[in-house]
Amino acid sequence: MLGDYSLFSVAIFSVLVLICLVVDLRAHKADSVISAKSAGLWTCFWVALALAFGGYIWASHGVEDFSLFISGYLLEKSLSVDNLFVMMAIFTAFSVPDRYQHRVLYYGIVGALVLRLLFVALGTAILQSFAWMAILFGLFVLWSAWKMWRAMHSQHEEIEDYTDHWSVRLTKKFMPVHPRLAGHDFFVHELVGDKMRWAATPLFLCLAAIEISDVMFAFDSVPAIIAITQKPFLVYTSNIFAILGLRSMFFFLAAAKRYLIHLEKAVIIILVYIGIKMIAQYFGWHIHHLISLSVVLGLLVLGVLASFAFKSKEAGQEDK
C-alpha cells in the first residue's frame, strides 16, 4: 500500500497526526462553546499544517505528487461541506448543547481515521486489480454529483430525525441506553433494580449517527480522490488532513454557511469533471495533474467569490 513511499514518510505522518490530536484535545478539554474567531484560527492552523506536509511531499517526491496531494485535499475539503451540514442536523435532532459538540466531533474523527484507511486500501486494491472498475468508480462519482444537484433543487428541505436513525436503533440492540445526557460522558454506570450496569447516553448515540454519516460520505469522497491519484499514501494522507480540520471548520461554517450559497454548485461541477476524467483515463485519455489541480482550485475559488458577489435574498436581508 505504500508504493514509492517509505516507512519514514509513514512515521512522519503518523507522529504529526498523533501530536496534533493530543494538542487539539488538550486545547479543548474544557466543555465550552467554540467561537467563530477561535474556529477560524484553528481552521487556518489545520490548512497550514496540510500545506506544510504537502511541502514535505514536494521536497521528497516532487511537484507532481504535491499537486496530487493538494488536489485530493481540496476535493475532500469541499465535499466535507455537505457532511458538516448533516452533522448540524444530527446535533439538532439529539439536542446536543454547543459546549459538548467538539467532544463528539473529536472522537468521531478519531474513528474516521481507521475507517478511511480501510476504504482507501480497498478502493485502490480494486482499481489496481481490475482496471475496468475505473468506469464504475467514475459513474459513481457522476451519480454523487447528480444526487447533490437534486438535493440542492429540492423544493422541500427536510431534516431527517436522526434519533430514529438505523445506526441508533442498531446501537440500542447491543447495549442499554440512558434516557438523559450525563454531562459530556458517553456512558454512565447506573443502578437498575439491585444491579449496576453500563448504559450509553444520548451523546454516544449522537456519536454513532455521526460516525455512520461519515462512512456514507466516504462512499462519495474516497472514489473521487482515487480518481485523481491511485497512490494509496496520497489518497489517505490528503483525506485525513482534510477531515482533521473538520471540527474547526464545522463551527466556522455554522456561522458562515448562509453566505456560501454557490459553493455547492462548484463542488457539483468538480465531481462531474472528476467522474469524466476517471472514465476517460481508462480509455487512454490522460489529463495532466496540474490541469486537475487548477480546475479544482479555480472552481472552489469561483464558488466562494460568487457566493459573496451574488448573495441570496435571505442573507442580504440579514446583513441590513
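Odds and ends about this structure:
- Restricting attention to region 293-314, the residues being more than 28 Å from Glu64 (Cα to Cα), modelled with pLDDT of 50 or more and either of a type outside the set (S, T, N, Q) or over 22 Å from the mean Cα position of the chain (by Cα) (or both) number 7.
- Subset tally (residues that are aliphatic (A, V, I, L, M), modelled with pLDDT under 75 and more than 30 Å from Ile276 (Cα to Cα)) for region 190-226: 2
- Screening region 171-269 for helices (runs of 4 or more DSSP H) wholly inside it with 2 or more residues that are under 14 Å from the mean Cα position of the chain (by Cα) and more than 18 Å from Ser71 (Cβ to Cβ) returns the ranges 202-228, 246-256.
- Restricting region 272-292 to residues that are under 24 Å from Lys147 (Cβ atoms) and modelled with pLDDT of 75 or more, the residue that is surrounded by the fewest Cβ atoms within 10 Å (Cβ to Cβ): Ala280
- Extreme residue, modelled with the highest pLDDT, among residues of region 162-182 that are loosely packed, with under 11 Cβ neighbours inside 10 Å and of a type outside the set (D, E, K, R): Phe174
- Looking across region 227-244 at every residue that is over 19 Å from Gly111 (Cβ atoms) and in contact with a Lys or Arg (Cβ under 9 Å, 6 or more places away or on another chain), the one that is modelled with the lowest pLDDT is identified as Ala227.
- Selection within region 18-35 - modelled with pLDDT under 80 and either loosely packed, with under 14 Cβ neighbours inside 10 Å or not in a helix (DSSP H, G or I) (or both): Arg26, Ala27, His28, Lys29, Ala30, Asp31, Ser32, Val33, Ile34, Ser35
- Verdict on Val215 being surrounded by fewer than 20 Cβ atoms within 10 Å (Cβ to Cβ) and touching a helix residue (DSSP H, G or I) at 6+ places or on another chain (Cβ under 9 Å): yes
The values are calculated or read from the model by the stated rules, or taken from the named source; none is laboratory data. This one's a predicted model, so the numbers in the text were calculated from it and none came from an experiment. A quick note on method: Cβ atoms are made from the backbone with ideal geometry, for glycine too, and the neighbour counts reach across all protein chains shown.
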